[in-house]
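Single-structure report; data block below.
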Amino acid sequence: MDEVLDEGPFFHGTKADLRAGDHLTAGFRSNYRPEIVMNHIYFTALRDGAGLAAELAAGDGTPHVYVVEPTGEFENDPNVTDKKFPGNPTRSYRSKAPLRVVGEVTDWTRQTPEALKMWQDRLAAIRVDDRAEIIN
């Protein structure tokens with residue numbers, strides 16, 4: 001890959017408790033379509049975007065936003081790039097290679113309870129809509 005898509009820094013939101021040096025890998029169920037095992041690990045260059053993903057992640061744990069480094073090639077996330085938004089304004093990416101956790105950030109913007117409920121309702125609708133495709 002000759003073209004640098006983004007210089008970062010990069011972030012990943014999750015409810016998993018991780019430490020610097022840990023690796024995030026593909027092969028887990030999608031937060032958006034749990035019947036799908038994901039072939040990629042997703043990340044963003046937007047801290048608050050990772051925060052939203054952390055709050056929407058499956059499970060009951062505490063949402064965390066981690067600073068991550070890709071360990072291999074990555075690409076624009078086709079689930080949002082040019083499909084829902086022209087270009088990549090969400091600065092969202094995915095990789096088949098692991099992401100290395102560098103540290104955690106705590107100064108991301110939390111969703112209001114009303115906003116979080118709106119996002120959860122949207123996800124619930126996606127889960128039952130057979131036409132809602134995830135490009136895996």
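Readers should treat all values here as calculations from the given coordinates under stated rules, not as data from a laboratory. Note that the coordinates shown come from a computational prediction; the quantities given were computed from them, not determined experimentally. Cβ coordinates were reconstructed from backbone atoms using ideal geometry, including for glycine residues, and neighbour counts include every protein chain displayed.
Using Cα springs under 10 Å in a Gaussian network model of the chain, which residue among Pro70, Pro98, Pro89 shows the largest mean-square fluctuation?
Pro89
Taking 0.36 nm per intervening residue step and subtracting the Cα-Cα distance, what contour gain separates Leu5 from Ala58 on full extension?
The span from Leu5 to Ala58 would gain 16.2 nm if fully extended.
Taking springs between alpha-carbon atoms closer than 10 angstrom, which of Asp48, Asp22, Asp60 fluctuates most in the Gaussian network model of the chain?
So, out of Asp48, Asp22, Asp60, the one fluctuating most is Asp60.
Taking GluC sites (Glu not before Pro) as exposed when DSSP calls them loop (any state but H, G, I, E, B) and at most 14 other Cβ atoms lie within 10 Å, what is the longest stretch of the chain free of them, the sites themselves excluded?
Between the exposed loop sites, the longest stretch runs 74-132.
With +1 on each Lys and Arg Cβ and -1 on each Asp and Glu Cβ, and nothing else charged, work out how big the dipole of the stretch 1-84 is about its Cα centre, in Debye to the nearest 20.
About 440 debye.
Show me the three semi-axes of the equivalent ellipsoid for the chain, from the C-alpha gyration tensor (sqrt of 5 times each eigenvalue), largest first, rounded to whole Å.
With the √(5λ) rule applied to the chain, the semi-axes are 21, 19, 15 Å.
Would you work out which of Pro98, Thr14, Tyr42 lies farthest towards the positive end of the dipole of the chain, given +1 charges on the beta-carbon of Lys and Arg and -1 on that of Asp and Glu, about the Cα centre?
Thr14
Which whole-Hz couplings ³J(HN,Hα) result when phi for each residue of the stretch 88-95 is put into the Karplus expression 6.51 cos²θ - 1.76 cosθ + 1.60, θ = phi - 60°, listed in order with x for Gly and Pro?
The phi angles translate into 9, x, 7, 6, 9, 9, 8, 8 Hz.
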